[in-house]
Amino acid sequence: MEIRQLEYFVAAAEAGSITRAAERCRVAQPSLSQQVHRLEKSLGGPLFDRLGRGIALTDAGRALLPRARRILAEVRDARAHVRDDAEEGVGEFRVGAIPTMAPYVLPRAIAALRTEFPRATVSVREDLTERLVQAVADGELDCAVASSPIDHDNVEVEVAGEEPMLVVVPAGHALAEAGDISLAALRDLPTVTLHEVHCLGRQIAGFCAAKRLGTSVVCRTTQIGTALGFVSLGMGVSIVPRMAAREDAGPRAGRVFLEFRGAAPRREITIIRRAGTTSSRLGGHFARLIGAGLR
């Protein structure tokens with residue numbers, strides 16, 4: 001059963017004549033007759049009784065007519081509105097983010113997205129990189145915000161930006177007024193670190209190992225907020241991403257952020273999408289919002 005066949009059937013039923021239906025549909029009469037015959041064959045019986053030069057609906061034809069009209073109305077509605085709905089972002093947008101980015105980049109980006117696309121429904125998943133990448137590859141998420149490197153054959157990676165790491169020290173620390181800090185000054189300080197279950201934790205651990213830093217670890221935590229709280233208590237210093245400092249109360253919370261003197265460790269912020277798929281208008285705008293929020 002094809003849409004064109006239903007269109008020809010309804011035209012014939014309403015015109016009461018194959019000839020007039022062909023004129024109405026602007027096709028040759030044999031072509032319209034052939035399509036109606038194919039429809040009858042697919043349904044297993046005649047839809048019209050042929051009455052001389054006219055036609056009349058059979059019981060099967062009368063049963064099909066209202067259904068055919070509804071189907072064609074739905075098709076017309078789809079043709080009229082599907083492009084508009086896509087432009088307006090109608091539907092569900094499923095986004096993921098790693099825990100070391102989600103609280104700092106998602107709320108502002110999603111608030112702006114919903115302002116521009118109020119008819120969109122946004123769902124959020126916060127998870128570790130490996131699970132987010134697999135969810136994108138499996139089509140469970142439209143995109144995810146994470147950090148490179150990403151290695152998976154079924155996803156594509158777009159770099160939205162990058163950010164440096166900062167050192168955070170207790171507000172009363174001797175180095176708190178320095179503005180920046182050298183590697184040598186960090187070498188023997190007690191350290192609060194992010195657990196290596198996070199890619200950021202592994203990145204920082206790799207940097208510290210290469211620079212022979214963080215040899216005196218007093219605490220490992222899975223949350224940046226927890227690490228910052230321990231720093232405020234004077235338990236040690238920590239290395240955190242700049243986005244965490246932007247959202248922080250700083251000295252009022254009992255801690256101060258310092259830039260690295262010289263080359264600082266950095267991380268890329270990436271947007272992950274399933275390979276071979278076309279980004280929706282929502283997805284494209286979301287990626288731009290993430291990038292703009294990093295500047």
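Structure notes:
- Scan of segment 140-154 for residues that are closer than 26 Å to Gly293 by Cβ and surrounded by fewer than 20 Cβ atoms within 10 Å (Cβ to Cβ), ordered by number: Glu140, Ser148, Pro149, Ile150, Asp151, His152
- Selection status of Arg212, basic (Lys, Arg), over 24 Å from Glu268 (Cα atoms) and modelled with pLDDT under 90: no
- Test: Ala73 is aliphatic (A, V, I, L, M), closer than 30 Å to Leu282 by Cβ and within 47 Å of the chain's Cα centre (by Cα): yes
- Qualifying position, being modelled with pLDDT under 95, under 23 Å from Glu126 (Cβ atoms), part of a strand (DSSP E or B) and of a type outside the set (Asp, Glu), among Arg220, Arg288: Arg220
- Options Arg274, Arg261; residue that is in contact (Cβ under 8 Å) with a residue 40 or more places away in the chain and closer than 29 Å to Ser232 by Cα: Arg261
- Taken over segment 244-295, the criterion of being more than 23 Å from Thr129 (Cα to Cα) and of a type in the set (Val, Ile, Thr) is satisfied by Val256 alone.
Residue-wise test of (1) under 30 Å from Ala249 (Cβ atoms); (2) assigned to a loop (DSSP other than H, G, I, E, B); (3) not hydroxyl-bearing (Ser, Thr, Tyr).
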site: Pro99; (1), (2), (3): yes, yes, yes
site: Thr121; (1), (2), (3): no, no, no
site: Leu141; (1), (2), (3): no, yes, yes
site: Ala185; (1), (2), (3): yes, no, yes
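The values are calculated or read from the model by the stated rules, or taken from the named source; none is laboratory data. Note that the structure is a prediction, hence the values are computed from the model and not measured. Cβ sites come from the backbone with ideal geometry, for glycine too, and all protein chains shown count toward neighbours.
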